[in-house]
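Contents: one structure, followed by commentary.
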Amino acid sequence: MGLAEASATLPDVLQVGGVSVALGGRKILDDVSFTIGAGEFTGLIGPNGAGKTTLLRVILGLQRATAGTVAVLGQPRSRRNPSIGYVPQKVLLDSDLPMRARDLVALGMDGHRFGMPLPSRQRSEAVREMLHAVDADRFADARVGNLSGGEQQRVLIAHALISRPRLLLLDEPLANLDLRSGQEIISLLARIATSQHVAVLLSAHEMNPLLPVMDRVVYLAAGRAASGPADQVIQADVLSKLYGHHVDVLHVHGRVLVVAGTEDGEGADLTADHALEAG
Amino acid sequence: MHQLWTWVFEPGFFSSAPVRVAAVTGGVAAVVSAVTGVFTVMRGQSFGGHALGDVSAAGGSGALLVGLNPLLGFVGLGIIGAGVMDTIGVRRVRGRDLATGIVLGAAIGLSALFLYLTSVSGATTGAPAQILFGSIFTITSATIPAVVILSVIAVASIAAVWRPLLLSSVSPDLAAARGVPVRLVGLLYMLALAVSVGLSSLAVGAILSTALLIGPAATALRLTRTVGWALAVACLLGAGATWLGILLAYDSYYWSAAHQGLPVSFFIVAVIFAGYLFSGFPAARAAAGRRDAAVPPPASPAHEKIAA
């Protein structure tokens, strides 16, 4: 269990031990293990369909694991865990949703409580502070449905952070964002991880924008995972073992590309979306 | 001045007992419908609301057949229908579509049977029109306490789960991650919806209850930025349209020489529809302003909201 050595120092924010998930007889996750320390920025990288969303849902307690354990701050994960903030994939906010950015952020604080909120200076002050922390002051009073994708991400991050979690999970926050907005969100998250001492676990199918900020990477392929510092995990031999066939890791103009190579060198197949970024 | 007054309010309007009972029950039904309607529109469940109206029709006609108060049938069968729809699966968009279609079809079939049997037994003439399209002037004051109690129950249920309901209406994923019992909250909302549809079935008829549920709420969502304001505006619009409809229907008795009054439900629904159309002007201007500011409005139909 490793509990003895963990109790010596601060417990890890997240310990995933041997998690497997099978849905309808198909193995989605196969013996996935990794840990995340306090304030660490971790990228959950893998091609589409590798099981990234399923893994995040297991950590959140929204999906039951067939085997394995998940511990948050050294404790077995409970149903509602205020230590975890979550930004789901593709939250569709309609333009006719009668809700301002600040209203959505406020629901991050007490959305699970019954009854109606009483107007409180403390509540609105906390919301204002959080909006400021994610550079969302400008559009605090705009309808969330009318904001751009990047602006909505900021509001959703504020929504997830206002309950002061120790771990922030984000599911493909960069999909649907243009390059510049994506970069802005990444640097915002890196800043928050440090300043607010929140560990970040962010899933993405494209790792290159994350390379400068990632403390470690959890690479997921075919339901199996390898974790560690990026330069140790993103290696041809490690990834080939995960994928179950030979892949090459190429460095092109400071970018890392994972390419499925064929044994006889007949040419390369681009397996992951990030290979398309080469140009 | 006096002439204008009597032109607007034909003689006897304020002293008429049926008008007073209609104004109270109609107003209360409109307010409850507006409150639940705001969430119905946000959750993209208008079709589900309409199906509950058809279930109410079956309940109302069944109650009439066995000699019970139609309100009992409207609300009673509506609650059962809401439970069935939740069981079949109103949470997922596809399941919701399915649940709605199945329940709606069965309910209309039952209504056809009950209304046929009622008309054959000859106990009540005009039963189909009364159940399907309402007859607010025939409500007796004895019904008012039941109407008020049911309204309080429906509004209190919504208020009790206000924040979890709001969050799960925005995104079930966000709500579930916060530990909100999304399914339970959804079921409670469906029950409140069933009660409100039952009340508006009494006021404007089971078929037209959708208009009272969706119209004022959809109009309010066009005009406001927060849920609180949307609720307030929807309540005002719903009650206003109901009262204006009652007045117009009362006055219509004097419009023709034959003194043939026109149905209240028609006027209420007409006012609601006109309000929705007019609210399009400021909304369209706001949308044009947004386009000028080069913010592309994400165009996604409301019913796809929960899809992701």
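Quick note: the coordinates plus some simple rules give every number you see, no bench work behind them. Quick caveat, the model's predicted, so the values are computed rather than measured. Reconstructed Cβ throughout: ideal geometry from the backbone, glycine too, with neighbour counts over all protein chains shown.
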For A:244-252, what's the mean count of beta carbons from other chains sitting within 10 Å of each residue's beta carbon? 0
For B:66-74, B:161-169, ranked highest to lowest by mean beta-carbon neighbours within 10 Å, the order is B:161-169, B:66-74
Any idea what the dipole of chain B comes to, in debye rounded to 20, about its Cα centre with Lys/Arg Cβ at +1 and Asp/Glu Cβ at -1? 900 debye
Could you tell me the extents of chain B's C-alpha atoms along the three principal axes, largest first, rounded to whole Å? 60, 50, 29
Mean-square fluctuation maximum in Gaussian network of chain A, Cα pairs under 10 Å, restricted to A:G39, A:G145, A:G115, hits A:G115
Total formal charge among the other residues, if their Cβ is under 13 angstrom from that of A:M214, Lys/Arg +1 and Asp/Glu -1: -3
Just to compare against my own numbers: the Cα pair-distance distribution for segment B:176-223, 10 Å bins, whole % per bin, please. 24, 35, 31, 9, 0
Mean Cβ-within-10 Å packing, highest first, puts peptides A:231-237, A:201-207 in the order A:201-207, A:231-237
Roughly how many nanometres apart are two label points built 7 Å out from the Cα toward the Cβ at A:D248 and B:Y253? 9.1 nm
For chain A, what does the relative contact order come out to in percent, with C-alpha contacts under 8 Å and a separation of six or more? 23 percent
Count, for each residue of A:143-151, the Cβ atoms from other chains sitting within 10 Å of its Cβ, then give me the mean as a whole number. 3
Under 1.5 on a/c is rounded, so check that first for segment A:3-234, then, if it is not, pick prolate when a/b is larger than b/c and oblate when it is not; a ≥ b ≥ c are the square roots of the alpha carbon gyration tensor eigenvalues. prolate
Among B:V148, A:I185, A:A204 the positive-end extreme of the charge dipole of the protein assembly as shown (Cβ point charges): B:V148
For a quick check, take a GNM of chain B with Cα springs below 10 Å and name the residue from B:G60, B:G228, B:G275 with the largest mean-square fluctuation. B:G228
Segment A:Q89-A:S20, extension gain: residue separation times 0.36 nm, minus the distance between their alpha carbons: 22.7 nm
Where both partners of a DSSP beta bridge lie in the protein assembly as shown, what percent of those bridges are antiparallel, to the nearest 5? 60 percent
Angle in degrees between helix A:179-195 and the longest Cα principal axis of chain A, rounded to the nearest 10: 70 degrees
Helix A:121-133: angle to the longest alpha-carbon principal axis of chain A, degrees 0 to 90, nearest 10? 40 degrees
Can you pull the three principal axis extents for the Cα set of the protein assembly as shown, in Å, largest first? 94, 52, 51
Build a GNM of chain B with springs between Cα atoms under 10 Å: which of B:P216, B:P128, B:P11 gets the top mean-square fluctuation? B:P11
Roughly how many nanometres apart are two label points built 7 Å out from the Cα toward the Cβ at B:V148 and B:L262? 3.4 nm
Rg to Rh quotient for segment B:10-158, alpha carbon positions, Kirkwood Rh: 1.00
Two pseudo-spin positions, 7 Å from Cα along C-beta at A:D31 and at A:D135, lie apart in nanometres by 4.4 nm
If you only keep lysine pairs separated by 8 or more in sequence, or across chains, how many in the protein assembly as shown come under 23 Å at the Cα atoms? 6
One quarter of the C-alpha convex hull surface, i.e. the mean projected area of segment A:109-246 in nm², amounts to 10.3 nm²
Span-like helix ranges in chain B, DSSP H, alpha carbon extent 20 angstrom or more, Kyte mean at least 0.0: B:17-43, B:46-65, B:70-88, B:93-121, B:144-160, B:182-204, B:209-223, B:227-255, B:264-292
Is there a simple number for the mean count of other chain Cβ atoms within 10 Å of the Cβ of residues in B:177-186, and what is it? 5
